[in-house]
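What follows is a set of notes on a single structure, which appears directly below.
We did not get these values from a lab; they are worked out from the coordinates using the rules stated. Since the structure is predicted, the reported quantities are computational estimates derived from the model, not experimental observations.
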Ligand SMILES: NC(=O)c1ccc[n+]([C@@H]2O[C@H](COP(=O)([O-])OP(=O)(O)OC[C@H]3O[C@@H](n4cnc5c(N)ncnc54)[C@H](OP(=O)(O)O)[C@@H]3O)[C@@H](O)[C@H]2O)c1
C-alpha cells in the first residue's frame, strides 16, 4: 500500500506507540484521525495535521459513530490499552482485576467486528499484542493470557477478513507513558526487565511504529506477528 493520501484511524493514537504511529503516517502523507478516551491530553504532543477524536473502544455505539463518520477508510490501527491491567501473583490476584485486563481484548474485538465493513477492500488493520503472549516472566499471567488471546484472535479473524489484511506487532518493554514510574525508579524498572535481553534497553515507540508501517505497506503480509522486543523471546 502506498500510504500517501490514505485515510487512517488510530485508536490509542494519543500516546506512546499509537502517537508515534500517527506521526509516521502523517510524514508519509496520510490523513490521520487519532482516537482515545481523553484525546485532549495529546494536544501539543502530536503533529498539528492529526485530527483528534474522543472514543472508548469498549463502547460499540461510540465506535459505530466514528466508523460511519469517517467511512470509507484504508488503515485501522489499534494500540489502545483498553482499561486497567492486573499484574502480580495470579493465585493471589483479585478476580475483578484479572477480568478487567481483558478490556484490551474486548476493545480489539470491537474494532475488528465494527470497523472491518467500511475498511477498503485493499485496506490493512494492525493491532498490538506483547512479548508475554509467547514468553512469560514471573507475575505476567494476565499479560500472557490477554496477549495470547489477542494473537489467536488476529490469526483467526484474518481468514474471515480476507482480502482485507490484519496483522500484529508484539513489543517488548517500550518506553511509553503506560509505565507511570519516573526518574531513577523508572530506570531501575526498565533495567530489571531488560538486563537479560540481548538488547539491554527499552525500545522507543518509534521503533514499534516503523514495524506497524511495514505491516500496513506490505500487501503480502497477513495474519502474522512482528516482534519488536529487543530479544525478549531469546532470553
Ligand atoms: N509499552 C510497552 O512496554 C508495551 C509492551 C507490550 C505491549 N504494549 C501494548 O501496546 C499498546 C500501546 O501501549 P503504549 O505503551 O503506547 O501505552 P500508552 O502510552 O499508555 O497509550 C495507550 C493509548 O490507549 C488509549 N486508550 C486506553 N484505553 C482506551 C480505550 N478504552 N479506548 C480508547 N483508547 C484507549 C490511551 O488514551 P486514553 O487514556 O485517552 O484513552 C492512549 O492513547 C497497548 O495495547 C499495550 O498493551 C505496550
Worksheet item: Alpha carbon centre of the stretch 144-221 versus the stretch 74-101: separation in Å?
Response: 15
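List the relative contact order of the stretch 7-228 as a percent without decimals, with contacts defined as Cα pairs under 8 Å and 6+ residues apart.
Working: 425 pairs, mean separation 45.1, N = 222.
Averaging sequence separation for qualifying contacts and normalising by length gives 20 percent for the stretch 7-228.
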Worksheet item: In percent, how large is the relative contact order of the stretch 167-222, given Cα pairs closer than 8 Å and 6 or more residues apart?
Response: 46
Worksheet item: Helix 60-70 versus the longest principal axis of the chain: what is the Cα-based angle in degrees, 0 to 90, to the nearest 10?
Response: 40
Item to complete: For helix 141-161, report the angle its Cα long axis makes with the longest principal axis of the Cα atoms of the chain; keep it between 0 and 90° and round to the nearest 10°.
Response: 20
Discussion item. Mean-square fluctuation check for the chain, GNM, Cα pairs under 10 Å: which of 159, 24, 35 is largest?
Written reply: 159
Practice prompt. Please give the contour-minus-distance gain from residue 185 to residue 217: 0.36 nm per residue of separation, less the Cα-Cα distance, rounded to one decimal in nm.
Written response: 7.7 nm
Worksheet item: Which angle from 0 to 90°, rounded to the nearest 10, does the C-alpha axis of helix 183-194 make with the longest principal axis of the chain?
Response: 90
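Per-residue ellipticity at 222 nm for the chain, helices alone: DSSP H runs ≥ 4 residues times -39500 (n - 2.57), over residue total, nearest 500 deg cm²/dmol?
Working: 7 runs with 88 residues, N = 235.
Here the helix-only value at 222 nm equals -12000 deg cm²/dmol.
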